[in-house]
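The values are calculated or read from the model by the stated rules, or taken from the named source; none is laboratory data. None of these values were measured; they are calculated from a predicted model. Note that we place each Cβ from the backbone using ideal geometry, even for glycine, and neighbour counts take in every protein chain shown. Remember, those area values only see protein heavy atoms, side chains included, never the ligands or the DNA or RNA. Shrake-Rupley method; radii C 1.70, N 1.55, O 1.52, S 1.80 Å.
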Amino acid sequence: MKAETLAAPGVEALWPLCLHIVRQRRLGKPPPDGAALTWHESQGFTLGDDWSAQAAELFTLVKPVLDRTPGSTPWVIGQLGQSLNGCIATRSGDANYINGAEVLLHLHRLRALSDAVVVGAATAAIDNPQLTTRHVEGDNPVRVVVDPTLRLSPALRVFSDGAAPTLLVCDASREAEAARRVGAEQVLGVPHLTGPDGAVDVRALRAALVGRGLRVLFVEGGGITVSRFMRQGCMDRLHLSIASVVIGDGRPGLLLPQDLSLRECARPPCRVYRMGADVLWDLDLRAAMP
Ligand SMILES: NC(=O)c1ccc[n+]([C@@H]2O[C@H](COP(=O)([O-])OP(=O)(O)OC[C@H]3O[C@@H](n4cnc5c(N)ncnc54)[C@H](OP(=O)(O)O)[C@@H]3O)[C@@H](O)[C@H]2O)c1
């Protein structure tokens, strides 16, 4: 059995309720309405008063994901863990671990609450991640690896460990080639996945994932992939976890080239959470960039 690494009164009772909500959603069923967590058509889930401060804080943080219903529009949450100077890894690609155990636990919770976890090809190549929920109780999401040019090795853990379903996303024109590498059941070919400049069209990607019943997407990195979702207006929420570390000349997090005055720049509504030694910014991008 997987164990929570953080013990907080009330969180142990709340988390199974969160998982139940997500399992109902994945089955296409309406939100469960219980005494502890009450469903309202207009405001989503509300939590009763008698929970610990830690449980109430967790609820506030994950409520936007819990409020997704089977009929909701597709919804995307991203995350980046970064240094004080905005880097998500060293230049050589070392990102393990910029943030502490509390943020890692939170990432596994977000995986458990999402239908799919999405990573870019560089993250898959460098980190060789498992993308499972092994640090929390909860079901693994579908693992989605975006590799338009089929540069990734089939030996990577996501393609070979069988721990959870995996989809290698490539252009539809290369679907057969991808199937020979990792097996047809692990391939999702998307028509016109990349534009003339080679950049991934994340709207096309999102539509293809919705076609597979994957409507709540957790984009876990890296910076190029998260930035593409943001630039193309396809990210609803971003969890930015900042660690007290300075990484000189590292890999950048958000890359959003814009020639705007400071007055014109987006200032998304946000909440700030303390996570061990790190600080997590929960940014409501949809409110900032309709
Ligand atoms: N701190 C965090 O929260 C966090 C989270 C995830 C990842 N990371 C770190 O972020 C880094 C990766 O992020 P990123 O922004 O550079 O890229 P990414 O978003 O993971 O992947 C996107 C790009 O990967 C490129 N790519 C580069 N090297 C590749 C290779 N060896 N094989 C296949 N594709 C490759 C692709 O280029 P083409 O367009 O040419 O195909 C694509 O544009 C890693 O060091 C990882 O450890 C940190």
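Couple of notes before you dig in:
- Complete set of residues in segment 201-258 that are within 21 Å of PRO148 (Cα to Cα), assigned to a strand (DSSP E or B), open to solvent by less than 20 Å² (accessible area, probe 1.4 Å) and in contact with a Leu (Cβ under 8 Å, 6 or more places away or on another chain): LEU217, PHE218, GLY221
- Complete set of residues in segment 8-35 that are farther than 19 Å from VAL136 by Cβ and of a type in the set (Gly, Ala, Ser): GLY28, GLY34, ALA35
- Condition met for ARG143 (in contact with a strand residue (DSSP E or B) (Cβ under 7 Å, 6 or more places away or on another chain), among the basic types (Lys, Arg), away from the ligand (no atom under 12 Å from the Cβ) and assigned by TED's automatic domain parsing to the domain that holds VAL219): yes
- Residue in segment 89-101 that is more than 23 Å from ARG231 (Cβ to Cβ), assigned by TED's automatic domain parsing to the domain that holds ARG274 and assigned to a helix (DSSP H, G or I) present: yes
- Residue in segment 164-171 that is over 20 Å from the mean Cα position of the chain (by Cα) and aliphatic (A, V, I, L, M) present: no
- Conditions (1) more than 15 Å from GLY222 (Cβ to Cβ); (2) part of a strand (DSSP E or B); (3) within 14 Å of the ligand (Cβ to nearest atom); number of the one not met by VAL76: (3)
- Any hit, segment 153-160, residues being on the phi > 0 side of the Ramachandran plot and either away from the ligand (no atom under 15 Å from the Cβ) or part of a strand (DSSP E or B) (or both): no
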